[in-house]
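The values are calculated or read from the model by the stated rules, or taken from the named source; none is laboratory data. Note that the structure is a prediction, hence the values are computed from the model and not measured. In this analysis, Cβ positions are derived from the backbone assuming ideal geometry, glycine residues included, and neighbour counts consider all displayed protein chains. With ligands, DNA and RNA removed, areas are computed over all heavy atoms of the protein, side chains included. Shrake-Rupley method; radii C 1.70, N 1.55, O 1.52, S 1.80 Å.
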Amino acid sequence: MLLVMERGATPEQVQAVVRRIEELGYEARPLAGRQRTAVAVLGNDGSVDAARFSDLAGIKEVVPVTEPYWKASREWRAENTVIRLPGGSAIGGDEVVVMAGPCSVESERQIVDTARRVRDAGATVLRGGAFKPRSSPYSFQGLGKPGLEWLAKARAETGLPVVTEVMDTESVELVARHADILQVGARNMQNFSLLRRVGQAGKPVLLKRGYAATVTELLLAAEYILAEGNEQVILCERGVRGFDGSTRFLLDLAAIPLVHQLSHLPIVADPSHGTGIRGKVLPMARAAVAAGADGLLVEVHPTPEQALSDGAQAITPGEFAELVRQCRGIAGVVGRRLAEPAKVAG
Ligand code: PEP
Ligand code: MN
């Protein structure tokens, strides 16, 4: 942290700042400039609370240097975190991992059939919600445990690892028994007890950005999971609330290179929730891969008009095959390649 003094700050005021820094247990280094003095804070492990200096006179600006998150930062780990998945693909390396499937598991047949079709089109991870966080309590809430069992069946038949949402601390164990990746949804991004609990679950976590959360808050949420000793965190940009209702959310593509600069953690993009409009999923998927996304999370339904949730943004398996084809081309242009589906008969 750097405390920049006002131009007319007196030597006593600079001295008071130095004393406060030392009282907090850090080293103070005054840097006298031609016009003003700045005092650097040294020896701190994490970020220093600026409020500790709010009562002192003569300070113009407090400039934080250390990010408030630590283990999630690039400073903590310079090289990318690569998360290996059952089936052979890896998120965070050279590959772009495509995760696809319906918003919700609706029946055994629906999920097994969709799993086969997205795998044949090039997906390497199957998505599908058994516990659904719905804005209305009267909307379809997901099938719960049977949904998890059918996801596991779809995995057994296709070889695709499964990502599915866990909504509360009580069901972490149950979901972790069936899933390969635990999804924490946008609405739960700052459910700190859930973050801590998935941090202890021993499975990779897909952490979706809250739709009113800053990138710093997303990385702080990841920090909760990392702080519990789970370093397998995949971030997900899924759109934030914009002022224009023309799309359901505003997919923040700039967050992708920004996260890559600030953090070693992989980040995938969800162009389905990010737009809410079927016809806009393909262009935003292409753009996300071009922006450097480590993967895509795409909602695919065999009959979108009959989907029990998010039908308006679901694409068909045929449209998904075209999305994969185009994104494979884009990945090549930016020096990546699409992860290849697991070789399992079925
Ligand atoms: C989902 O993936 O189906 C979902 C509910 O996503 P989000 O938490 O981003 O709204
Ligand atoms: Mn959905």
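Residues of segment 167-214 being touching a Phe, Trp or Tyr at 6+ places or on another chain (Cβ under 7 Å) and more than 12 Å from ligand 1 (Cβ to nearest atom), which ones? Outline the logic, then answer.
Taking segment 167-214 first, the residues touching a Phe, Trp or Tyr at 6+ places or on another chain (Cβ under 7 Å) are 167, 171, 186, 192, 195-196, 199, 211.
Of everything in segment 167-214, those that are touching a Phe, Trp or Tyr at 6+ places or on another chain (Cβ under 7 Å) and more than 12 Å from ligand 1 (Cβ to nearest atom) turn out to be Ser171, Phe192, Leu195, Arg196, Gly199.
All of (1) of a type outside the set (Ser, Thr, Tyr); (2) in a loop (DSSP other than H, G, I, E, B); (3) away from ligand 2 (no atom under 13 Å from the Cβ) hold for Ile330 with one exception: (2). One residue stands out in segment 282-319 among those that are among the β-branched types (Val, Ile, Thr) and within 12 Å of ligand 2 (Cβ to nearest atom): the one that is farthest from Arg209 (Cα to Cα), namely Val300. Checking Asp294, Asp310 one by one, the residue that is among the charged types (D, E, K, R), in contact (Cβ under 8 Å) with a residue 24 or more places away in the chain, within 16 Å of ligand 1 (Cβ to nearest atom) and within 30 Å of Leu143 (Cβ to Cβ) is Asp310 and no other. Within segment 27-65, if we keep just the residues that are in a loop (DSSP other than H, G, I, E, B) and touching an Asp or Glu at 6+ places or on another chain (Cβ under 8 Å), the residue that is surrounded by the most Cβ atoms within 10 Å (Cβ to Cβ) turns out to be Gly58. Against the list (1) outside any helix (DSSP H, G or I); (2) under 24 Å from the mean Cα position of the chain (by Cα), the condition Ala115 fails is (1). For Ala38, the criteria (1) at pLDDT 95 or above; (2) in contact with a helix residue (DSSP H, G or I) (Cβ under 8 Å, 6 or more places away or on another chain) hold in every case but one, which is (2). Looking across Glu223, Glu237, one residue alone is open to solvent by 10 Å² or more (accessible area, probe 1.4 Å) and among the charged types (D, E, K, R). It is Glu223. The set of residues in segment 260-292 being in contact with a Gly (Cβ under 9 Å, 6 or more places away or on another chain) and farther than 18 Å from Glu322 by Cβ consists of His260, His264, Leu265, Pro266, Ile267, Val268, Asp270, His273, Gly274, Gly276.
Do we have Glu165 as more than 23 Å from the chain's Cα centre (by Cα), acidic (Asp, Glu) and assigned by TED's automatic domain parsing to the domain that holds Gly329 here?
Working: more than 23 Å from the chain's Cα centre (by Cα): no; acidic (Asp, Glu): yes; assigned by TED's automatic domain parsing to the domain that holds Gly329: yes.
Criteria not met by Glu165.
Within segment 82-109, restricting attention to residues that are out of contact with any helix residue (DSSP H, G or I) (no Cβ under 8 Å at 6 or more places or on another chain) and of a type in the set (A, V, I, L, M), the residue that is nearest to ligand 1 (Cβ to nearest atom) is Met99. None of Arg109, Arg119 is more than 16 Å from ligand 2 (Cβ to nearest atom) and open to solvent by less than 60 Å² (accessible area, probe 1.4 Å) except Arg119. Take the residues in segment 276-291 that are open to solvent by less than 50 Å² (accessible area, probe 1.4 Å) and in contact with a Lys or Arg (Cβ under 8 Å, 6 or more places away or on another chain), then tell me which one is nearest to Arg241 (Cα to Cα). Here the residue is Gly276.
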